[in-house]
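Below you'll find the structure, written out as structure tokens, and then a few comments.
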Amino acid sequence: MPFQPVITGLGFITSIGNDRASVIRSLRALQHGFEPYVFLDNPDLPVKVAGTVKGFAFPTPSWRDWSWPPNFSVDRELVRGLAPHGVFAICAVQQALAEAGLEPAQLAGGETGLFCASAGSPFLLGHFLDQMRATRGERGNPMGIVSSIAGTLNFNLAAHYKISGAVCGFVSACASSSHALGYAMDEIRLGRQQRMLVIGAEDMTTESILPFSTLRALSNNPDPATASRPFDRRRDGFVGTGGAVALIVEDAALARRRGARIQAELVGWGQAGDGHSVAASHPEGAGLREAMRRSLADAGIPPAAVDYVNAHATSTPAGDRSEALALQALFTANGAKPRVSSTKALTGHGLSLAGAMEAAFCVLAIDEKFIPGAAHLEEPDPVCEGLDLPRTSLDEAPSLVLNNSSGFGGSNVCHLLRRPT
Amino acid sequence: MESSSSTRTVKPAAPGEQEVALRHLPPVAQAAFRHFTASGDVTALDPVILAILEDYIPRPPERPLAEMPGETRLIEDLGFDSLAITEVVFFTEDLLEIRIANEEIFQVRTLDDLRGFVRRKASARVRS
């Protein structure tokens, strides 16, 4: 019998909740996680909203000044090498392990691998480089590199959990954690690993978010209730967020042997490049359309069988348009009409976190039998004609769900998830 | 490379950095450091260095370091690793405005070694 990757555990540190129950409530009720946010103490900046992560504080680059909710445990030995998003990740992994019925010690040994995605910590990296210049190289934090560069998640978590299986970090911007999840599926399917811990995470800091304003990619809408409105005619950019989401992916046989509850199956994934622009999406979503087609082909499933698409749509004018056209080309043109929504309307755009976070939302949709609505959508862009964008969350139990992600350079990754058979 | 006998001082990275650094130490250690800076009494540094160790120790000790025997070893008994020791060295250099060479670090193995070493380095700074 071939190996079948399934998901047995999820952990959430997000703008819409720091546990499974809170996230489900937010997705069902379409409660967003945005707050007014003054970047760099500069009220003149046009960007005024962020998807804040509640209960955590990182007021300085020193871990001694950091705090997190008391129900999570982050050891001193570990925290000194972490970035803020590493703290998020540890808290998410603790939830995922508990949900999967695993002890941390069970991650040790060669049967479990670890795939991570983050952009590193511009917040810490900037501080350490400033310190190096100010002291003319005579001072530095010995943990500066491992806590701040891209890869900090896999460095820290592999050592902390004593993981001796496959360990890797993925860097494809906003498709990063979708790549991590896709390749984790392959590790299971190829029989290389029996279990994969997959994590997407990002800092929720000015240094991670505000640079996107130079691309004119961030919303200038000051109203948290409407700043992120994917597919709406008046959308004007994305709202940044951070956090961490952890997924436990296992071979179905292992999950059944140990009595773990299977929440969803991962039945296909696909990726394709736009071959078009370093920063802008292909105007007709060519790469995303092909990535969706490949994920369906990987699973041997026709477009008409898909019940729900969790769109990448970030609320930027160009990106949402590209995705709408790609969806029409793959689904509408083939007589298929899945429900479509972008949960970034509620969470904001989590960058490297986004793919894993939204894959986990797809698992919740399957496992909890609902479809998240297209929040904040009042006037659908005419380019979305023919797409089914429900304005409220629906008590429908999707069997097949597609998760879309796109990143800089035209990296497009899609996963197909299925209700357990 | 710096020689172990160097007494060249290191400037703090920014004004007021000592006070900022001290805020993580317990009040007793802060008071002891201020006594040292006012009087030059290097024996006042003993509780300061123990507080620095307790601030950087990877795993909190079972009892306060002040209650542990002087021959307690930093690595073998207290669980310090090379990264944590480097953090202690940088912090101590900045706080006392001294320079500690790598070869000096290797000679410090126990709590007594460390107390004696810090007193000698601080004395040299006071005299210079």
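Using the structure shown, decide if B:L50 is closer than 25 Å to B:R125 by Cα and either within 14 Å of chain A (Cβ to nearest Cβ) or buried (at least 16 other Cβ atoms within 10 Å of the Cβ) (or both). Give the derivation first.
Values: closer than 25 Å to B:R125 by Cα: yes; either within 14 Å of chain A (Cβ to nearest Cβ) or buried (at least 16 other Cβ atoms within 10 Å of the Cβ) (or both): yes.
Yes, satisfied.
Show me the strands (runs of 3 or more DSSP E) found entirely inside segment A:142-257 where at least 2 residues are of a type in the set (K, R) and within 14 Å of another protein chain (Cβ to nearest Cβ). Give the steps one after another, and end with the answer.
On the way: elements: A:167-169, A:195-202, A:243-251.
The strands (runs of 3 or more DSSP E) meeting that bar number zero.
Going by the conditions given, is A:A83 crowded, with 20+ Cβ neighbours inside 10 Å and either within 14 Å of chain B (Cβ to nearest Cβ) or within 25 Å of A:S22 (Cβ to Cβ) (or both)? Don't jump to the end; show me each part of the working.
On the way: crowded, with 20+ Cβ neighbours inside 10 Å: yes; either within 14 Å of chain B (Cβ to nearest Cβ) or within 25 Å of A:S22 (Cβ to Cβ) (or both): yes.
In short, yes.
I'd like to check something: does segment A:251-269 contain any residue that is under 30 Å from A:A50 (Cα atoms) and buried (at least 18 other Cβ atoms within 10 Å of the Cβ)? Taking every residue of segment A:251-269 in turn, none turns out to be under 30 Å from A:A50 (Cα atoms) and buried (at least 18 other Cβ atoms within 10 Å of the Cβ). Tell me, please, whether a residue that is within 16 Å of A:S73 (Cα to Cα), assigned to a helix (DSSP H, G or I) and touching a Pro at 6+ places or on another chain (Cβ under 7 Å) can be found in segment A:90-98. Within segment A:90-98, one or more residues are within 16 Å of A:S73 (Cα to Cα), assigned to a helix (DSSP H, G or I) and touching a Pro at 6+ places or on another chain (Cβ under 7 Å).
Residue-by-condition table, conditions (1) within 30 Å of A:W269 (Cβ to Cβ); (2) touching a Cys at 6+ places or on another chain (Cβ under 8 Å); (3) in contact (Cβ under 8 Å) with a residue 24 or more places away in the chain; (4) assigned by TED's automatic domain parsing to the domain that holds A:G242:
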position	(1), (2), (3), (4)
A:L27	yes, no, yes, yes
A:G55	no, no, yes, yes
A:S62	no, no, no, yes
A:N71	no, no, no, yes
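Screening A:F128 against (1) buried (at least 23 other Cβ atoms within 10 Å of the Cβ); (2) aromatic (F, W, Y); (3) within 14 Å of chain B (Cβ to nearest Cβ) leaves a single unmet condition, (1). The residues of segment B:73-100 that are within 16 Å of the chain's Cα centre (by Cα), in a loop (DSSP other than H, G, I, E, B) and away from chain A (no Cβ under 13 Å), listed by number, are B:L74, B:I75. The lone criterion from (1) under 23 Å from A:L10 (Cβ atoms); (2) out of contact with any Phe, Trp or Tyr (no Cβ under 7 Å at 6 or more places or on another chain) left unmet by A:E378 is number (1). When the helices (runs of 4 or more DSSP H) confined to segment A:281-379 are screened for residues that are under 21 Å from A:Q263 (Cβ atoms) and at pLDDT 95 or above, those reaching at least 3 such residues are found at A:286-299, A:354-368. The residues on offer are B:R34, B:R23, B:R59, and the sole one that is away from chain A (no Cβ under 14 Å) and not aliphatic (A, V, I, L, M) is B:R34. Sort out which residues of segment A:63-89 are in a helix (DSSP H, G or I) and touching a Pro at 6+ places or on another chain (Cβ under 8 Å), and write them in order of number. Those that are in a helix (DSSP H, G or I) and touching a Pro at 6+ places or on another chain (Cβ under 8 Å): A:D65, A:R76, A:E77.
The values are calculated or read from the model by the stated rules, or taken from the named source; none is laboratory data. In this text the structure is predicted, and so the values were computed from the model without any measurement. Note: ideal-geometry Cβ built from the backbone for every residue, glycine included; neighbour counts use all protein chains shown.
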